[in-house]
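Here is the structure we will look at.
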Amino acid sequence: MSNPLYREILQDIRALVESAAHPRRRTIRLSPEVAAKLEALPSAGTAAAGAGTYSGPAETQVMSTPAPDPGATSDSGARGPALDALEKTVAMCTKCELHETRTQTVFADGDPTARIVFVGEAPGAEEDRQGVPFVGRAGQLLTDIITKGMGLRREEVYICNVIKCRPPNNRDPKPAEIEQCEPYLVEQLRLIQPEVICALGAHAARTLLRTTVAVGKLRGQWHEYCGIPLRVTYHPSYLLRNPADKRKTWEDIQLIMEYLGIPIPHGKGS
Ligand code: SF4
């Protein structure tokens, strides 16, 4: 392999793999420049065979490996305790006024090694009572999406909110409250390192993507949060009020399933 172009490409690939290495991650993100170099290789099929084939979202240039996950072993054992410690910190948090009216904090539900994280807005009355996110009517709809739509168990995904304490009367979280609480979400996502994030509704999307663009405009395309592919869809509470848009959310979920290699149940494709 004396060709300087090959050497350059191999160095790029090595740097890429080292920077993206993670035991749970089945994808590696490519810059357009590196992707173009790989595409230009006469033996691209051979070169890519060990790493996988292009099957991710074109606009984000994702190389997806079809091989099974090698197993979440190396650091997944530490992830649970780290999240437990964070949950204890959150339970004592008094950073914003919402601590005065909460029954308890609502940290998260699900698997710390999940491949997908659903991020919602804030706990409602039932969540505040039980200390678990998405357990009311909207929660049942999200559970149906996960179980009946995706064919997963709720315990296989990770579910959390931008805000960990219930805003009184289910009002919208204030920007200052989001600002105070967001570091907990950032740390959750940093620890979990999911393969995909699904932002449910405007507050999750706007917080994670730093945008004020409406959900209707954000959905239908891939975004990125700290190198993690992210899709935006409607919040289940919105879908309860606007059931006609359930179809659009199902389309969004199917694209996530496709990306994760989860088969779409027969007869449920769009
Ligand atoms: S909403 Fe977040 S920042 Fe505010 S008190 Fe609760 S945990 Fe702390």
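The values are calculated or read from the model by the stated rules, or taken from the named source; none is laboratory data. Please read all numbers here as calculations on a predicted model, not as lab measurements. Every residue, glycine as well, gets a Cβ built from its backbone with ideal geometry; the counts of neighbours run over all protein chains shown. We work out accessible area using only protein heavy atoms, side chains counted, and drop any ligands, DNA or RNA first. Shrake-Rupley method; radii C 1.70, N 1.55, O 1.52, S 1.80 Å.
Structure summary
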{"read-out": "Using a Förster distance of 51 Å, the FRET efficiency for T94-E8 (Cβ separation, nearest 0.05)", "value": "0.45"}
{"read-out": "Distance between modelled label sites at K217 and N170, nm, 7 Å Cα→Cβ extension", "value": "2.7"}
{"read-out": "By accessible area with a 1.4 Å probe, ligands and nucleic acids excluded, highest first: order of L260, L240", "value": "L240, L260"}
{"read-out": "Per-residue HN-Hα couplings for the stretch 199-213 [Karplus 6.51, -1.76, 1.60; θ = phi - 60°; Hz; x = Gly/Pro]", "value": "7, 9, x, 5, 5, 5, 5, 5, 5, 6, 9, 6, 9, 10, 5"}
{"read-out": "Options T143, A202, N161, ranked by Cα towards positive dipole end of the stretch 118-221, top entry (Cβ charges)", "value": "A202"}
{"read-out": "Relative packing of 121-127, 160-166, 202-208, which averages over residues the other C-beta atoms within 10 Å, highest first", "value": "160-166, 202-208, 121-127"}
{"read-out": "Relative contact order (percent, whole number), the stretch 76-260, Cα cutoff 8 Å, 6+ residue spacing", "value": "23"}
{"read-out": "Shape category assigned to the stretch 150-270 from the gyration tensor of Cα positions, a/c cut at 1.5", "value": "prolate"}
{"read-out": "Whether the stretch 76-260 is rounded, prolate or oblate, judged on the alpha carbon gyration tensor where a/c under 1.5 counts as rounded", "value": "rounded"}
{"read-out": "Residues with amide H under 5 Å from that of Y225, placed H, sequence gap 5 or more", "value": "L230"}
